[in-house]
Amino acid sequence: MNARAPFEMTPILYTNLTSKADTIIHQGGTSSGKTYSNLQYFFIKALKKPRQKITVAGQDIPNLKSGSISDLETILYDIHSKIDPSLKKIFETRYNSTDKKHYLCNGTYIEFKSYDNWQDAKNGKRDYLFANELNGIDYKIFEQLHIRTSKQTIVDFNADGPFYAHEKLNGEGYQWCFSNYK
């Protein structure tokens, strides 16, 4: 692990890094690495350019805490335990547990949010959106978040059954990716 490549290159991370799509949809089974790899991707984005706003949206705060917030903490721990000590400052974050935000030294932050309704989701714009476990997020909420995202949206969900993503997230600008535990 080094400053230029702090993560193992998984197929999901590789797809995200090489895709030109405005929206990437990751459908996969439990333990296929979707959330973890997507968070690694967004952490790379956070490091590359200052003053980025990255929103990780989920069904509710308890799900975010046990899922993506916990995964990002693991990612940060893994980075700090494996890199050269002289590089640790580059990867440091300051976490505000009240706001559920990780602040990087370059002015970028990664926030974790849930929304009660589509009106709540109209508040705020962002550079990147990660809709984690999309099938737990109402379509109108996702739509409001997505149209207020300027650079890229990535969504993930388990393949439990068809829902609005299969009908509405298709066409130009969308890339579907499928994964499993292997």
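The values are calculated or read from the model by the stated rules, or taken from the named source; none is laboratory data. For clarity, every value in this text was computed on a predicted model and none was experimentally measured. Backbone-built Cβ (ideal geometry, glycine too); neighbour counts: all protein chains shown. With ligands, DNA and RNA removed, areas are computed over all heavy atoms of the protein, side chains included. Shrake-Rupley method; radii C 1.70, N 1.55, O 1.52, S 1.80 Å.
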Count of residues meeting criterion [surrounded by 16 or more Cβ atoms within 10 Å (Cβ to Cβ), in contact with a Phe, Trp or Tyr (Cβ under 9 Å, 6 or more places away or on another chain) and in a strand (DSSP E or B)] in segment 142-181: 7
All positions within segment 98-128 that are aromatic (F, W, Y) and without any contact (Cβ under 8 Å) to a residue 24 or more places away in the chain: Y103
Any hit, segment 23-36, residues being open to solvent by less than 50 Å² (accessible area, probe 1.4 Å) and farther than 26 Å from Y139 by Cβ: no
Among the residues listed as K140, K82, K168, the single one being of a type in the set (K, R), over 16 Å from K45 (Cα atoms) and at pLDDT below 90: K82
Residue match in segment 62-73 (condition: within 15 Å of the chain's Cα centre (by Cα), open to solvent by less than 20 Å² (accessible area, probe 1.4 Å) and of a type in the set (S, T, N, Q)): yes
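If you take the residues in segment 114-141 that are of a type in the set (S, T, N, Q) and open to solvent by 70 Å² or more (accessible area, probe 1.4 Å), which one is farthest from the chain's Cα centre (by Cα)? Quick ask: steps written out before the conclusion?
Of all residues in segment 114-141, those of a type in the set (S, T, N, Q) come to 114, 117, 119, 123, 132, 135.
Cutting the leftovers down to open to solvent by 70 Å² or more (accessible area, probe 1.4 Å) gives us 119, 123.
On the way: Q119: 22, N123: 19 Å.
Here the answer is Q119.
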Pair list, Cβ < 6 Å and 6+ apart or interchain, from segment 164-179 residues that are more than 16 Å from H146 (Cα to Cα) to residues that are of a type in the set (S, T, Y) and surrounded by 12 or more Cβ atoms within 10 Å (Cβ to Cβ): C177/T15; S179/S32
Positions within segment 39-59 being open to solvent by 10 Å² or more (accessible area, probe 1.4 Å), farther than 17 Å from K101 by Cβ and of a type outside the set (S, T, N, Q), in sequence order: I44, K48, K49
Single condition T108 does not satisfy, out of (1) polar (S, T, N, Q); (2) more than 16 Å from the chain's Cα centre (by Cα); (3) more than 25 Å from F157 (Cβ to Cβ): (2)
